[in-house]
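Each reported figure results from applying straightforward, stated rules to the coordinates on display, with no laboratory input. What you see is a predicted model, and the numbers here were worked out from it, not measured in a lab. A quick note on method: Cβ atoms are made from the backbone with ideal geometry, for glycine too, and the neighbour counts reach across all protein chains shown.
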Amino acid sequence: MGETDETKIDRRSFLQTAGVVAGSALASSALSYGRILGANDRMALGHIGIGNRGHGLMTLASQLKDKYNVETVAVCDLWKENRDRAVSMGERAYGRAPQALQHPEELLSRKDVDAVLIATPEHSHSPLLKMTADAEKHAYCEKPMGNVLDEVKAARDAVKQRRLIVQIGTQHRSEPYQRAAREVLRSGAVGEVSKYEIVWNYHGPRWRGRPEVKRIREQDTDWKKWLLTKPYRPFDPQLYFEFRLYKEFSSGIADQWMSHGIDLVHFFMNEQPPRSVTAHGGVFAWPDGRENPDTFQALVEYPTFLVSYATSFGNDCDSFSRIMGKKATLINIGGEGSPRWKIVEERGNHEDDPTIERPERWVTLPGNDTPGPINIGDDDLSHMSNWFECLRNRNPQTNATVDNGYLHSVACIMAAAAYRQGTRLYYDARAEQITERAPTH
């Protein structure tokens, strides 16, 4: 099917918003308080945390090095093997090796570093983002923005106080198909939404069995620095690499998968905090010593609609998302980040005549009449491009701001706590606190 009136968006304005078009001439900008850069000056990047995800971010940045005149000048990781690998990668990408540093404080003290990319374990995201803001550096911080409420607030406030340009790593906000689907939703084609369902599944002992566990030695890292804000415990190589399975450091499914899913809820449905959350789950498929559930479901109440989020690691049954309105349903076929969106019209009370067909059409990109989506893949550059564009143009309104990161963190923190406590939790938006009773104001 071709593009309909309800799915048409001006191509140029859409792509500029998505951050995938070069745009106009780059304006002069003050990237850090200590250094003034002109339009053609190099942006110096530092990376904190250069394991698998950090390596991926380094790759994305290097693919944009010529377009935005960026260079990785310093890499930081507590583990020597990761540092060595990152230095080799930087030398191949930029023609000269970045400086290798073990501790974040060393990187943040460099006056020539304009912006920092943070891809460390989840328990350190917020503390390191705050440290980066205190050093007056701009940042790209992986999701979730944090999993301790007070730490997330402190990081957000430090960034906003200094008007720094921060992109949180919820990259689906920048992807063309997610933005096109949001325009369909906002056109009114779906009607008043009452329920938003997300089911993302996987078959396997997710996050268990990392090969690095057998390679790391305590003397090759800094265990106490890795623990950061957490109480001391003896060195544990499994915890070091498989931290998503341990409740003191991560909530697992909520931190990793639900953070993306609930962030898209906020993106599609206009940013607002949840009213209440309940959650259930358990270790039903992979009893391998993990502390976090391999099967998890949360109900998140918003003022005008309900969200159901579910993940199973014991069965790879078809994943989907559904935004259910009175006029139609906007359906995503597939798991996290799938570009396959279609809109299916309502047929009224189906019990009257179940043979009545419901018209459906694919959501297509502006200017593209292909009936189905084009698979843009995992190497989409739109989110990193958006951050670089905002850095060059001194624009703090990235596609995924710290306010967006704060909201997805609140929802996931509530879901994890509701599961662990076995109770319904509420959010007091005025006080910015999670409570066991509904706020009275």
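Pairing residues of segment 84-100 that are surrounded by fewer than 19 Cβ atoms within 10 Å (Cβ to Cβ) with residues that are polar (S, T, N, Q), at Cβ distances under 6 Å and at least 6 apart in sequence or on separate chains, gives ALA93/SER62.
Does segment 252-263 contain at least one residue that is part of a helix (DSSP H, G or I), without any contact (Cβ under 8 Å) to a residue 12 or more places away in the chain and on the phi < 0 side of the Ramachandran plot?
Going through segment 252-263, the residues part of a helix (DSSP H, G or I) turn out to be 253-263.
Then drop every residue that is not without any contact (Cβ under 8 Å) to a residue 12 or more places away in the chain, which leaves none.
No, that holds for no residue.
Of all residues in segment 273-292, those satisfying the criterion of being touching a residue at least 24 places away in the same chain (Cβ under 8 Å), part of a loop (DSSP other than H, G, I, E, B) and touching a Ser or Thr at 6+ places or on another chain (Cβ under 9 Å) are PHE284, ALA285, ASN292. Scoring ILE165 on the criteria (1) buried (at least 21 other Cβ atoms within 10 Å of the Cβ); (2) closer than 27 Å to TYR246 by Cα leaves a single failure, condition (2). Considering VAL116, VAL152, VAL148, VAL159, the condition of being surrounded by fewer than 24 Cβ atoms within 10 Å (Cβ to Cβ), in contact (Cβ under 8 Å) with a residue 60 or more places away in the chain and touching a helix residue (DSSP H, G or I) at 6+ places or on another chain (Cβ under 7 Å) is satisfied by VAL148 alone.
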